[in-house]
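Read through the structure below, which is laid out as structure tokens, and then see the notes.
The values are calculated or read from the model by the stated rules, or taken from the named source; none is laboratory data. Remember, predicted model here, so these are calculated numbers, not experimental data. Here the Cβ is made from the backbone with ideal geometry for all residues, glycine too, and neighbour counts use every protein chain on show.
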Amino acid sequence: MFSPALQRNFSEADEQGTVSEIVSFLQENPVVSLATIDHGKPRVRPVLFMLEENGRLYFCTANAKNMFHQLQEDPSVEFCSVSKETKTMRISGDVVFSGDRSIKERIIAGNDLVRSIYQRADNPVFEVFYIEHGTVDVVDSPGLSARIREF
């Protein structure tokens, strides 16, 4: 479930369950194009959506990567994912890094690729982050208006 503020925003605006739609969409389309800022220039790369917990969308990276350093310098991000049916979801906000061991353990246990890279949750290179204070923009089909909500 999303944070109470996000849950309230979507519940008031859309009785048909937009909150669960976001998580379902990302589970079905887990590769997102994540944009960061590097010395005033955008940098985009593919990143895997890992999981949702307590209203937070989690991703991971290594603290030796440029992306990690860019996020430390400027936590503002936007990512986009597109389904086979061309439904598009963009989420923007600020990254917050988390040292929550239980989240790291769930990510390692739930993703073979991540486990092959980091092996264990206490790997000092392994970092997890979530996005907060942002917006969700959903376009169901090209040419249709976007549904935009803040969280």
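Taken over region 25-41, the criterion of being in a strand (DSSP E or B), farther than 16 Å from GLY93 by Cβ and touching a strand residue (DSSP E or B) at 6+ places or on another chain (Cβ under 8 Å) is satisfied by VAL31 alone. Annotation: ASN54 fulfils all but one of (1) under 14 Å from the mean Cα position of the chain (by Cα); (2) surrounded by 13 or more Cβ atoms within 10 Å (Cβ to Cβ); the unmet one is (2). Just to be sure, is SER20 of a type in the set (Ser, Thr, Tyr), over 20 Å from ASN111 (Cα atoms), at pLDDT below 90 and surrounded by 12 or more Cβ atoms within 10 Å (Cβ to Cβ)? So SER20 fits the description; yes. Would you check which residues across region 49-75 are hydrophobic (A, V, I, L, M, F, W, C) and closer than 19 Å to GLY134 by Cβ and list them? Across region 49-75, the qualifying residues are PHE49, MET50, LEU51, LEU57, PHE59, CYS60, MET67, LEU71. Just to be sure before I move on: is VAL77 at pLDDT 95 or above, under 13 Å from GLU127 (Cβ atoms), in contact with a helix residue (DSSP H, G or I) (Cβ under 9 Å, 6 or more places away or on another chain) and not small (Gly, Ala, Ser) in the structure I sent? Judged against the criteria, VAL77 is not a match.
Within region 110-131, the only residue that satisfies the criterion of being charged (D, E, K, R) and crowded, with 17+ Cβ neighbours inside 10 Å is GLU127.
The residues in region 42-69 that are part of a strand (DSSP E or B) and either more than 19 Å from ARG101 (Cα to Cα) or touching a helix residue (DSSP H, G or I) at 6+ places or on another chain (Cβ under 8 Å) (or both) can be counted, and the count is 16.
So which of THR61, THR36, THR86 ends up being surrounded by fewer than 16 Cβ atoms within 10 Å (Cβ to Cβ) and either under 13 Å from the mean Cα position of the chain (by Cα) or at pLDDT below 95 (or both)? Result of the check over THR61, THR36, THR86: THR86.
From SER83, SER98, grab the single residue that is polar (S, T, N, Q) and within 14 Å of THR61 (Cβ to Cβ). Every option except SER98 fails the conditions.
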